[in-house]
Amino acid sequence: RQADGRKVLRSSIREFLCSEAMFHLGIPTTRAGTCVTSDSRVVRDVFYDGNPKNERCTVVLRIASTFLRFGSFEIFKPPDEYTGRKGPSVNRNDIRIQMLDYVISTFYPEIQEAHSDNTVQRNAAFFKEITKRTARLVAEWQCVGFCHGVLNTDNMSIVGLTIDYGPFGFMDRYDPEHVCNGSDNTGRYAYNKQPEICKWNLGKLAEALVPELPLEISQVILEEEYDAEFEKHYLQKMRKKLGLIQLELEEDSKLVSDLLETMHLTAGDFTNIFYLLSSFSVDIDPSKFEDFLEELTSQCASVEELKVVFKPQMDPRQLSMMLMLAQSNPQLFALIGTKANINKELERIEQFSKLQQLTADDLLSRNKRHWKEWLEKYRVRLQKEIESVGDADAWNTERVKVMNSNNPKYILRNYIAQNAIEAAENGDFSEVRNVLKLLEHPFQEAEGFPEVKEDAEEEGAAATAAVCSRETRSKQPYCSKPPLWAAELCVT
């Protein structure tokens, strides 16, 4: 950014909308107060491809109890043995003690009160609490398909909030290796790595709290608490998403993993498939079951969509050169590529080749087979719920209610955000307002959803400026799985 530190309209709208979307999904987060844009312009190379453009400067007012982060405590970091880099406040234990006292007494008063006579015990109780909060937070993210694009220690809140909405993304087609940040070339922050990277960041916080909290204490807390809390909270949430409200069985974890595997095999839409499951019942008759199966498979990617997903990204000559280099000069290869990236490209080529022979009917038949297998397991599990209750109808009513309050119908998909951004960049903010209102009620039907009117003085300006490329795109319901053009969107 050439050190100007200024945000632009595009990223500001995304942050504003997403922080409010997360709040209304019930996920701990910073809030958005206002989004103010100006006529000032800055040059940004959006995709780092040598094609910069002028963008409007914009300010988001963010609201939270504190913006202290894990990284705030790394200003005391001692010199690195390899690079010599160190924190600006190295050896200033007096400041670290002040910061820790402030954080615990202000944001964890119950811990301060319980351990006022023993500082080490107090600090250990604080670390245990932030470990559990962080585990629960990332479990909540996983259950709505949210990915944080840059999960370094400076983007981890000391009170367990979602903070710094940069290149985030809600996953559409379920892919455990989904990467939402186009500049995350190694997949460090892929969907399935987010729980582990948050644990790693807690380890860095533990290091930064020495000597006020010895590592031999904090490391034991981290190992004993983090994974257990994550798995417990994740499974509790998944049970609610599947309407398993009566019993907690060991087999539930396998049912969830089988569901995700089926979603992956059929390229199913994460949000919409969960939402549809509330309309499945144990005693569904054969004709209605076929209708349900049809609806479920309609939320899986088509052959055309899969061709876009698996389209090779490297020139064949470039790939050939990289493969030769990996064999002949591994040291040089390590500077310009990774084996994981090459393997992913080879997988793309193989999948793309298979798709050339795959017909729509073959794909549909295969997808239906996969979903029938999983739905039979789901039916058996729901039957166990029914057998444990006295009133099956009351149970089913409550089950549907729980599912519909845990499976959102509306999330901030990239294509929805992009439509709103393009309109706003052309002076029409009505779509931003519409989307904001929609995201405030993520679990409700938007039938007859009212248009949000601009203020009178804005309407005239908006009317003359609202010629925008999104108007050439067919308008889709906000709950639709993404259109083909959305596969080309890249957030960096």
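The values are calculated or read from the model by the stated rules, or taken from the named source; none is laboratory data. The shown structure was predicted, so the numbers you read here are calculated from the model rather than taken from an experiment. All Cβ positions, glycine included, derive from the backbone under ideal geometry; neighbour counts span all protein chains shown. With ligands, DNA and RNA removed, areas are computed over all heavy atoms of the protein, side chains included. Shrake-Rupley method; radii C 1.70, N 1.55, O 1.52, S 1.80 Å.
Could you go through the range 298-313 and let me know if any residue there is without any contact (Cβ under 8 Å) to a residue 60 or more places away in the chain, open to solvent by 10 Å² or more (accessible area, probe 1.4 Å), aliphatic (A, V, I, L, M) and not in a helix (DSSP H, G or I). The answer is no; no qualifying residue exists.
Among the conditions (1) surrounded by fewer than 12 Cβ atoms within 10 Å (Cβ to Cβ); (2) farther than 30 Å from Leu382 by Cα, Asp283 misses just one, which is (2).
Taken together, the residues in the range 17-42 that are of a type in the set (A, V, I, L, M, F, W, C), open to solvent by 30 Å² or more (accessible area, probe 1.4 Å) and either more than 17 Å from Glu422 (Cα to Cα) or part of a helix (DSSP H, G or I) (or both) amount to 1.
When the range 153-173 is filtered for residues that are touching a helix residue (DSSP H, G or I) at 6+ places or on another chain (Cβ under 7 Å) and under 20 Å from Arg96 (Cα atoms), the ones remaining, listed by number, are Thr153, Asp154, Met156, Ile158, Val159, Gly160. Among residues of the range 355-379 that are without any contact (Cβ under 8 Å) to a residue 40 or more places away in the chain, none has a beta-carbon under 7 Å from a residue that is outside any helix (DSSP H, G or I) at least six positions away or on a different chain.
Within this structure, Asp269 fails the test of being open to solvent by less than 10 Å² (accessible area, probe 1.4 Å), closer than 29 Å to Arg366 by Cα and more than 22 Å from the chain's Cα centre (by Cα).
Rundown of residues vs (1) out of contact with any His (no Cβ under 9 Å at 6 or more places or on another chain); (2) modelled with pLDDT of 95 or more; (3) open to solvent by less than 20 Å² (accessible area, probe 1.4 Å), yes/no style:
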{"residue": "Arg413", "(1), (2), (3)": "yes, yes, yes"}
{"residue": "Ile421", "(1), (2), (3)": "yes, yes, yes"}
{"residue": "Ser430", "(1), (2), (3)": "yes, yes, no"}
{"residue": "Val435", "(1), (2), (3)": "yes, yes, yes"}
{"residue": "Glu440", "(1), (2), (3)": "no, yes, no"}
{"residue": "Pro450", "(1), (2), (3)": "yes, no, no"}
{"residue": "Ala456", "(1), (2), (3)": "yes, no, no"}
{"residue": "Pro477", "(1), (2), (3)": "yes, no, no"}
{"residue": "Cys490", "(1), (2), (3)": "yes, no, no"}
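Only residues that are more than 19 Å from Asp154 (Cα to Cα) and either open to solvent by less than 90 Å² (accessible area, probe 1.4 Å) or of a type outside the set (Lys, Arg) (or both) were counted in the range 81-103, giving 10. Sub-7 Å Cβ pairs linking a first residue in the range 107-125 that is within 18 Å of Ser157 (Cβ to Cβ) and in the same structural domain as Gly160 (by the TED database) to a second residue that is assigned to a loop (DSSP other than H, G, I, E, B) and open to solvent by 70 Å² or more (accessible area, probe 1.4 Å), at least 6 apart or interchain, are Phe107/Ser65, ordered by first then second residue.
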